[in-house]
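Everything on this sheet refers to the single structure shown next.
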Amino acid sequence: MKQRLKAVGSRLLQLVVLLGTISTTLFLLLRLSGDPAILLAGEGASPETINAIRADYGFDKSLFEQYLIFIWDVVRLDFGRSLVNSQPALGFVLKYLPSTLHLTFLAILFNSLIAIPAGVWLGAKPTQRRRRVLSAIVSVAQGTPAYVIGLLLIQIFSVWFNWLPSIAGTGTWSWVLPTATLSFALAPNLIRVVAASIEDTTRQDYFRTAKANGAEPRVLLIRHSLPNALLSTTSLLGAQFAFLLSGALITEYIFAWPGLGLILVQSITNLDFPTIQATVFVVAYLVFFVNLIMDQVFRIADPRLRRSQL
Amino acid sequence: MRNKKIFSAAVSVALLTLLWGGQAPASAEIKTITIGVPGLPPSQGNPFKEGPGTPGIHTYAAIFDALTRVDSKGVVRPRLATRWKSIDSTTWRFTLRQNVKFSNGEVFNADAVIETIDFLTSVDGRKTVIGSTELPDVTGAKKISEYLIEVTTKTADAILPAKLAALYIVAPKAWKSAGQEVFAKAPIGTGPFKVDSISTTRIELTAFKGSWRAPKSDKLIIIPLADAASRLQALQSGQVNMVAAINPDQIAAVKKASARVFVVPAPQVMSLAFNTIKSGPVTDVRVRQALNYAVNKAEIAQRLLAGKGKPATQGVTPSVLGYNRDVQGYPYDPDKAKELLAAAGFANGLTISADITVGSFPSDNLIYQTVKSDLAKVGVTLNYTTITFAQWLPQYNTNSWKGDAFGLSWNSAPRGDASRPYAIFVCKPVGAFYCNAGEDALVKKAALELNAIKRLAILKEIAVKVTASAPALYIVEQIDLYALGKNLYGFSANNRAITYENIYTGTK
Amino acid sequence: MKKPIVWPITRREIGGKGHSSPIMLKVSAFILGTLFIIALFQPFFYRVDPAALDLSLRLQSPSLSGAWLGTDALGQDVYSRVIAGFRWSLGIGTIGTLIGGLIGISLGVSAAWNRKRLRTFLSRVIDIGISFPYLIIAVTIVTVVGRGFWSLALTLGLVSWPTIARVVYAETLTLREREYVTAARLFGIGSLRSIFSHILPALRPTIQVVAAFTFAELLIAESGLSFLGLGAPLGTPTWGNMLNESRTYMASAPWMMFGPVIAIIVTIFAANLLGEGLNARERSRSGRVS
């Protein structure tokens, strides 16, 4: 019990340190990047107006003072109001969270559904001709940017056949095309990683022993190879999840999907510091929990890791 | 027998339509128009925080009205004000339109306007873009009677009615009780549509049938589609009825999809302004003129704006009051350019650097590259850096440019008057990049001249002088392109304000 | 009755068919060599000056007598611009991968190798790297350093290391627990030596895969950065820029996209092939991975 509490406590501490470091780094970077007061005042505004706006938002205080106020607010999860639309920044960002998570989970799901079987197939016998063909196709897919895939899918399924909507929020099937786009964009990398891991396991002693003992190929793959390949697979999936949360902005652009990536771009363009801080905070928070889950998966996948503390 | 055939034919047609038509046919009762726009106003329903123009205007035109509006010829037209008169040099009297209601039932009258102007002149209001940049001179408003008000300005203002086209009137009680932030989520105006919901993916509005400009449709949906390619695809697939801001190169695709293109000249001149205060080659007027001659503006307008744009001859466009038809500007003449450069001592060419922003105009990135290429042909190397608006504004405000030139748009909207660009750009009080005492005096004279004819003459004189001094490389007059789907009628746009009330779908 | 899959079990079988590895290596070496030569001697391969724009020749479709890959929105020759993009795109792809790889591998291995405190600290550093949106890093670098070859390479490197670190971290964790490593440690072989003589060689397949797909990703990421206005300066002929410019012309002038996409695909294909060839050679050399 005490062990458990200690573990939980240390995790919480890690979370706090993580969020604190990220928020502080961001705080400094943002102050380097520009003065939002000028942008808010508009073209040709007088210096008095600009100073008045600065005072309003506390930008006229010293950097250290601003930082203290900032930390005090963040601790209470108060990111202030968006400089642009005056809504509470955290609330505003959280409104975009459901649709972002929706797309992210769907993309990871379909990515895995496509990539893991394909990767296993490829890695099991990488030298076979037909598997080489898949490898070539994967290369082609790697060379095609996500927005090309997206615009192509829209052209085919939305414009020519009119089967699927291309705009977010219209109808129940609006998630299909953006999910497909992201899955096709992310799958090639996952296929490669899975294939390499599986191939590596086929060269291990335990695998050859099991085979020599007469195990079926499918059983071999599923019970012996896959768990060991799970490690790098999940670590890549975790990295992809983190990317999708705030980085899928080109796909979000094209499909008008209300995601955190779009918010991030807009708030950066508008130098909307509170929204930027809130977005990054939320993303970091989510990534931390995904990492936690992944660490547990690591433990399950490789019993030898259970001993050591991750 | 024949009836059966007709019946089965009709059923098959209906089935086919359902299968291939994609969208389920809209119910006959609710007529919805959908528009794809490049973006929604970041400040949502708060019309004071946005500068006049995109992206806000696509939304605000449906919700709000101002006292006046300026038409495509630069003439000030009645809107919520029906008549106006100048009482003295700093006071204008406006007669307000009667029988106008806000979408929440409040009555539009002098109190509403006073409330709006009171906010504008308040401490908070002065921090908004409208209060600080567009109407900094307005000092207050006074009620004379229920439909008569007087607006006062700090200094003499000959064109206050035109300037007030930038001020949207908000429902007074709603504004007062809600405050800026809450109002932004549920704005109330006198326009044809009322906001139902502002969500992350769209703004949905329902018709306000009691509006003084009641709409023909029942519902309006504004969808932000930032990517130009997917905006067009949305139109092609029928997901939106119309689209704002398409590229000139997409016109062919629009026509192929049996949709129409609507071109509206924008009251904006795209230019590369010269930092004449800083020392460098562009302080010499001959160099500036040479650069103007060196660029083939007609070809740019013809080829990069699909033949719909025009080369810019001066700082304003024909639809703006103060445009001088007699000013020829700088037609393409590379030999003359070289001559002038040689006379200025740059026979062996020169290098200038510029900071530009791209993405605000159709084809602007292509235009700048063409300008660079044209200049290279007369021996001028143009090194440009693309910057964001957030980087542009501070440097523009204080003229702290490191380069010799910067991208500048000479915008006359929404007041449609040449005084706007000339007053702003010639001898700007803080951070001027160009100043000529004679021209500045004329600009100030124009601001005070109340006689319309005399004023126009002064503006035209300014056009001649300023163009001759070439404070900028005027490139092209900008255009706004809209694409309208099949079965969409009644569309028109004026200074980017779409007249939503006239638009309807169906058979003509 | 389905034909049973025959699993490789003998040393010869594990190496695969004897002739496959040299062929793959030869082909990939040939392709990569050609790409390298083109990059070195770009101007020789131009059809016309890639910077020459001519508005009267806009958006022409490919033809054998004129522009081989058509012309773009400014009348520039797509083929010549693709050639002109070799140095830049291959350059930032390679350098970006190197930067990302160096940081990622060092951090990933260190984090997985050490115990408790240092591990936690380093894993959190990797976590910070993963959670931090790449957009902010890109914007910061552009604001501070400006836009150019080296700032772009730096951005790409800084953006790619977290994923590399994560994957290497996971893989090293597994390898660490392998018997021979534990044995080596029991025998008193120092950490650093263990790492270099056991872990890194064992990581090679993973590193190869990760490096290959990172390289591919960075080539694509360049166009994403161009999209956001953070990539190569306006007008520079790079594959990323060209891809970005071709977006609105996808339906009306698809050749604008073909050129850079084909160049990128060929490069990625060759890089992957090289990886596979090296793997195959490794396979045939040793019956087991040490």
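Bear in mind these aren't lab numbers, they're just calculated from the coordinates by the rules spelled out. Keep in mind that what you see is a predicted model, and the values were worked out from it rather than measured. So basically every Cβ, Gly included, is an ideal-geometry build from the backbone, and we count neighbours across all protein chains shown.
Fewest-first ordering of C:T172, B:T351, B:T32, C:T238 by other beta carbons within 10 Å of each residue's beta carbon gives B:T351, B:T32, C:T172, C:T238.
Using a cutoff of 8 angstrom between alpha carbon atoms and counting only pairs six or more residues apart, the relative contact order for chain B works out to 20 percent.
As an exercise, use a Förster radius of 41 Å and the Cβ-Cβ distance of A:K6 and C:S106 to find the FRET efficiency, rounded to the nearest 0.05.
About 0.85, to the nearest 0.05.
Taken residue by residue and averaged, Cβ atoms of other chains lying within 10 Å of the Cβ of A:177-188 number 1. Using a cut-off of 25 Å between Cα atoms, the listed pairs B:K308/B:K338; B:K310/B:K336; B:K73/B:K176; B:K336/B:K402 include B:K308/B:K338; B:K73/B:K176; B:K336/B:K402 as exceeding that distance.
Neighbour counts of other Cβ atoms within 10 Å put B:H58, C:H198, A:H102 in the fewest-to-most order A:H102, C:H198, B:H58. Against the compact-protein benchmark of 2.2 N^0.38 Å, the Cα-based radius of gyration of the protein assembly as shown scales to 1.01. Exposed loop sites, defined as GluC sites (Glu not before Pro) outside DSSP H, G, I, E and B with at most 12 other Cβ atoms within 10 Å, are absent from the longest region of chain B, namely B:147-508.
A cut-off of 5 Å between modelled amide H atoms, ignoring neighbours fewer than 5 places along the same chain, links B:D196 with B:E204, B:L205, B:T206. Dividing the helix sum by the residues of the protein assembly as shown, where each DSSP H run of 4 or more adds -39500 (n - 2.57), gives a mean residue ellipticity at 222 nm of -17000 deg cm²/dmol.
Farthest towards the positive end of the charge dipole of the protein assembly as shown, among the residues A:A284, C:P205, A:F161, is the Cα of C:P205, using unit charges on the Cβ of Lys, Arg, Asp and Glu.
Measure off 7 Å from each Cα along the Cα-to-Cβ vector at B:E299 and B:K176, then give the distance between these two points in nanometres to one decimal. My value for the distance between the label points is 6.3 nm. The order of B:R420, B:R325, going from fewest to most other C-beta atoms within 10 Å of their C-beta, is B:R325, B:R420. Inter-chain neighbour count for A:239-245: the average number of beta-carbon atoms from partner chains within 10 Å of each residue's beta-carbon is 4. Per residue of peptide A:31-43, the mean number of Cβ atoms on other chains within 10 Å of the residue Cβ is 6.
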